[in-house]
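Right, one structure below, let's go through it.
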Amino acid sequence: MLHRDREAVPEALNLVDDRRPDRRAEALELLDTLERETPFPGASRIGLTGAPGSGKSTLLDALVRELRPRGETVAIVAVDPSSRKTGGALLGDRIRVRSGAADPGVFIRSLAARDQLGGLAESAWAAVAILATSFDRVFVETVGVGQSEGEVAALVDTLVYVGTPGAGDTLQFMKAGILELPDVFVVNKSDIGSAAARTASELESGVGLGERNPSQPVAQVVLTSARDGAGIAELIAAVDAHRQQQLDSGTLRERRQLGRETQLLLALERRYGSFGIGKLGDPPALRERIRKDRRSSAFALLACLGREIEDALEKSS
Amino acid sequence: MSAPHPTGRDRPWVFRTYSGHSSARASNELYRTNLAKGQTGLSVAFDLPTQTGYDSDHPLARGEVGKVGVPIDHLDDMAALFRDIPLDQMNTSMTINANAAWLLALYVATAERAGVDAKLLQGTTQNDIVKEYLSRGTYIFPPEASLRLISDLVSYTVDAIPRWNPTNICSYHLQEAGATPVQEIAYAMATALAVIDAVRDRDDVPAEAIPKVVGRISFFLNSGIRFVEEICKGRAMAELWDELTQERYGVEDPKLRRFRYGVQVNSLGLTEAQPENNVIRIVLEALGVTFSKKARCRALQLPAWNEALGLPRPWDQQWSLRIQQILAFESDLLEYQDLFDGSHVVEAKTAELKADARKELDAVLAMGGAIAATENAYMKRCLVESQTARSRAIESGDISVVGVNTFTTTEASPLTEGQRSILKVDESAEREQIEQLVAFRNARNAADVEAALTQLTDVVRNGGNVMPPSIRSAHAGVTTGEWADVLRRLFGEYRAPTGVVAREAEGGSEQTAAVRSRVHRLTDQLGRPLKILVGKPGLDGHSNGAEQIAVKARDVGMEVVYDGIRLSPEEIASSARDEGVHVVGLSILSGSHGVLVIDVLDRLRKLGLGEIPVVVGGIIPEDDADRLRVAGVRRVYTPKDFDLTSIMSDIVDVVEEYGPGA
């Protein structure tokens, strides 16, 4: 994996998704090695979120078509909801990301969110870690309904929110008070015209209102049209500028660290619930413990903390 | 009280048979035989490479040349197709859409070369792109660009080929995709309005020409087994069209508001089980569009009784032609005025359909019309929902299909004995077509070709009408693929939304629940949920079957990657690897399963994924199915496997038996 071996990627992704105990142990070992050995900052990790129909897939297709001729390789993790009734999932409509189906420089893995309502598949975390070893950019695409953005933001270096001109979802997004999360706003389908310009200006004025971390650069607003390719290069430039700012200020390391903690806590909560986590002490103390433990990888730490919770639960029963 | 028609019998509609296969020469022979048997018009079926703008030697054309229709690469092919057929007297319908302008240009050039004035040509180019996005799948360009090509063709023919029907708005394929009568009416009307609006908004069409344009718009309808409802549907459409064209475009002349339509009766309802029953179905469906004089079709083509088994032979097509001739010449159908005027029942049903269709039409118009409702997948989603409801009703027995879900006990049919009961396309057709294409390319004047393509590029880029430079290109020896490549570069290529994703999953029946618990149990064996790739290799765009499978697989708890249509075997194999699926399901209706499925199997093996089981569904004759199984396909499903839940259960068996980790 560490040798950027694309051939090994699909099997590695299958492995980290596997729930059988022996495979889990193997997966942990792999992820542990990857976290320790992957050089910083490595691949650029980009989240792409927005309401259904905002054109995320078409936009991704345009991004791939722009990036491939530059010689950059691209991996996409696409997360779609699972049906609560049946457990099944229709993944993707990947039909629109077709620029590279037979191009080894493009990789697409669709994931079902499984039991994570409106959230991110748990294996997305591991998938990003694997793909980051073999591709220049890793995109994480999710349907944004105001619930998963926080999780995606913790997983990537730059979160891009895709909105459509005149759509109510942008307003909802602002109302939901999560305007501070995205680092780049895209108004897609800008060929629609004046509505696009209006939405862009709404966003531009809205961005300033959100409670943003002072160290966080002010979010950019970019107009794109996947249809005629307008604004695609600008979007990539905005993403790269955001990453560069974070590298210059040293905040990227911090963001990755924070993301690591968040992912770990979420994973623990999924498995053991808040009652289980409570066995490890109060939340700030637990966060502190995770933060300080720099020897183990997040994945090893997850296994270790999990065992502690299990032991505690056993004793108390 | 119905009295005999005062002037005697009415003139019958145009009799056609949708046909063409192998090569221009073979199809020309077929056409001339059919005309000698009393057919009165031609209906050209093109093969999929021609319909999607690829030359016969393009990699994507492999296995598809001459399969579902005739390959037309250049002017010599078109000329061979119509050899010894007088074009000034013939009425020719061409089922061609994304590149209709090009095939019409070839037809015009063929006429000109034979010394026939283009003004005398009569016929129809289907030229309706919306239903391609929704159902049929042979689109190339994005909606806006396609609409522009359609309106180019309309505005050109209105003056230059005044007896030509430049576009045939199709509700046919909507019904095949599951549309209810109301959806059929509403979406066809919405499409027609989108076309006329586009022509109206052009600078080169004066406002006073619009009534004439409206008068040239024709429709292509389907007719299903509920033939009483079909009679009412035809009447409802005639009334609605009359009202809409007056309201929206102020057309005063009632003749120009007449609802003119051709029909191919329903293929969706034709069964593989007890296929002889299909003849009775076809007769009833033909009645549905001829019974009521007020809503009688202008042209009719009937499928063959054995369509669900494979390609029909000339004898099978003759049987369908005879149905039309008996109806028109033996029966007294054409001796009467409208039989349903004054029928309370028919009038009430017609009014109901019309009112409901108007409501649905208004909904589509409110979101910006047919193009907007295509791009946002609204219409597609509604069709997938209707289709899903239909297949559930057949599974549950709420809809009776004789020989399929009821009265299934049968004697062996003497009609389907042996392997000769369907037509085999000559396997050498593809090679010969390519040899001729190469020879044609070598013989033409390269400078002429280049000049024609440069002019085509300039005219299209500058917003001019695509027809004149296309006719010039046809004469210069440009090929189908070259013409389409110019437009692909200028317009880009389009991928239509699939419409499957947005639908909410359903718990379904007890059987569905039983399969679902098997799928869930299998998760422990596999280590993760069962993941399936559903794909359509090749150029065949009929995605309804694949979409129904994808939806059903989700409903039984599988994680489904649906990659849509027009995939190369290479794309399918690499997608299976990258997505980490446990099983691959392929759907092919074009008859090119032999080449494409085996190619997918080979590529999977090359990627070290030979252990992933592959199942195939489609119109696959039994001996082909045997060959596929020998090549390594684990299961073959055909139209007789209508019970999707059983198919799912079977796929679980396959994964348990052969799947990775099994």
Somewhere in region B:625-632, is a residue away from chain A (no Cβ under 14 Å), among the β-branched types (Val, Ile, Thr), in a helix (DSSP H, G or I) and within 26 Å of the chain's Cα centre (by Cα)?
-> no
Somewhere in region B:384-394, is a residue buried (at least 20 other Cβ atoms within 10 Å of the Cβ), acidic (Asp, Glu) and part of a helix (DSSP H, G or I)?
-> no
Taking only pairs six or more apart or across chains, which ones have beta-carbon atoms under 8 Å, a first residue in region A:274-297 that is closer than 24 Å to residue A:316 by Cβ, and a second residue that is among the polar types (S, T, N, Q)?
-> A:279/A:316
Members of region B:414-437 found to be hydrophobic (A, V, I, L, M, F, W, C) and either closer than 14 Å to residue B:482 by Cβ or loosely packed, with under 12 Cβ neighbours inside 10 Å (or both), listed by number = B:437
Residues located in region A:293-314, provided they are at pLDDT 85 or above and of a type in the set (Lys, Arg) | A:307
Determine which single condition residue B:328 fails, assuming it passes every other condition in (1) over 26 Å from the mean Cα position of the chain (by Cα); (2) in a loop (DSSP other than H, G, I, E, B).
-> (2)
Only residues that are facing chain B (nearest Cβ under 7 Å) and at pLDDT 85 or above: list them for region A:94-116, please.
-> A:107, A:108, A:109, A:110, A:112
In region B:592-617, which residue that is at pLDDT 90 or above and within 21 Å of residue B:306 (Cα to Cα) is surrounded by the most Cβ atoms within 10 Å (Cβ to Cβ)?
-> B:616
If a residue has to be facing another protein chain (nearest Cβ under 7 Å), of a type in the set (Gly, Ala, Ser) and outside any strand (DSSP E or B) to count, how many in region A:73-93 make the cut?
-> 4
Condition met for residue B:99 (among the polar types (S, T, N, Q), on the phi > 0 side of the Ramachandran plot and touching a helix residue (DSSP H, G or I) at 6+ places or on another chain (Cβ under 6 Å)) = no
Which of the residues spanning region B:245-274 are surrounded by fewer than 22 Cβ atoms within 10 Å (Cβ to Cβ), in a helix (DSSP H, G or I) and not charged (D, E, K, R)?
-> B:246, B:249, B:254, B:256
Which of the residues that make up region B:602-623 are assigned to a loop (DSSP other than H, G, I, E, B) and within 11 Å of chain A (Cβ to nearest Cβ)?
-> B:607, B:608, B:609
Single residue of region A:181-229 satisfying the filter (part of a loop (DSSP other than H, G, I, E, B) and within 14 Å of chain B (Cβ to nearest Cβ)) that is modelled with the highest pLDDT | A:188
From B:300, B:284, which residue is among the hydrophobic types (A, V, I, L, M, F, W, C), surrounded by fewer than 20 Cβ atoms within 10 Å (Cβ to Cβ) and not in a loop (DSSP other than H, G, I, E, B)?
-> B:284
Region B:547-586 - residue that is more than 18 Å from residue B:654 (Cα to Cα) and touching a residue at least 60 places away in the same chain (Cβ under 8 Å) and, of those, farthest from the other protein chains (Cβ to nearest Cβ) = B:548
Check whether at least one residue in region B:220-242 is within 24 Å of residue B:130 (Cβ to Cβ), surrounded by fewer than 19 Cβ atoms within 10 Å (Cβ to Cβ) and touching an Asp or Glu at 6+ places or on another chain (Cβ under 9 Å), and report yes or no.
-> no
Any helices (runs of 4 or more DSSP H) falling wholly within region B:410-493 and containing at least 1 residues that are out of contact with any helix residue (DSSP H, G or I) (no Cβ under 7 Å at 6 or more places or on another chain), of a type in the set (A, V, I, L, M, F, W, C) and under 30 Å from residue B:626 (Cα atoms) | B:429-443
Residue A:24: surrounded by fewer than 17 Cβ atoms within 10 Å (Cβ to Cβ), farther than 21 Å from residue A:151 by Cβ and more than 14 Å from chain B (Cβ to nearest Cβ), yes or no?
-> no
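The values are calculated or read from the model by the stated rules, or taken from the named source; none is laboratory data. The shown structure was predicted, so the numbers you read here are calculated from the model rather than taken from an experiment. Note that we place each Cβ from the backbone using ideal geometry, even for glycine, and neighbour counts take in every protein chain shown.
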